[in-house]
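Written below as structure tokens is the structure these notes are about.
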Amino acid sequence: LHTAIEQAQQYPASAQEQQREGRVTLAFTLAPNGSISHSRVAASSGISSLDHAALQALHAAAPFQHINKYLHSVENYQIDVIFKLN
């Protein structure tokens, strides 16, 4: 899940320009077919553009491929999305 979300992640230009970094904790429900529902920011980074970008990355990464190999019923997850400048 982390890898798929990270690959879909896009750092907001405004946050980059302002040298803003942060951690966003997302909560969501994941189904065995890889679809997500009930996604929300569980813990904000304090920077709305990063929070929004984290949710966008989650939705862009879905549906998650081959998740049915590991997940046999609907489950709730929390995952951190980290925005860090190089």
Karplus (6.51, -1.76, 1.60) ³J(HN,Hα), θ = phi - 60°, over region 5-20, in Hz, Gly and Pro reported as x
5, 4, 5, 8, 6, 10, 6, x, 4, 5, 5, 5, 4, 8, 6, 8
How many percent of the accessible area of the chain is carbon or sulfur, using a 1.4 Å probe?
45 percent
Quote the charge dipole size of the chain about the Cα centre in Debye, to the nearest 20; the model charges only the Cβ of Lys and Arg (+1) and of Asp and Glu (-1).
80 debye
Local net charge near PHE83, Cβ-Cβ under 14 Å (Lys/Arg +1, Asp/Glu -1):
-2
Compactness summary of the chain: radius of gyration and Dmax from Cα atoms, Å, are 13.2, 43
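The values are calculated or read from the model by the stated rules, or taken from the named source; none is laboratory data. Quantities reported herein were computed from a predicted structural model and do not represent experimental measurements. Don't worry about glycine lacking a Cβ; one is built from the backbone with ideal geometry, like all the others, and counts go over all protein chains shown. The area values use the complete protein model at the heavy-atom level, side chains included, leaving out ligands, DNA and RNA. Shrake-Rupley method; radii C 1.70, N 1.55, O 1.52, S 1.80 Å.
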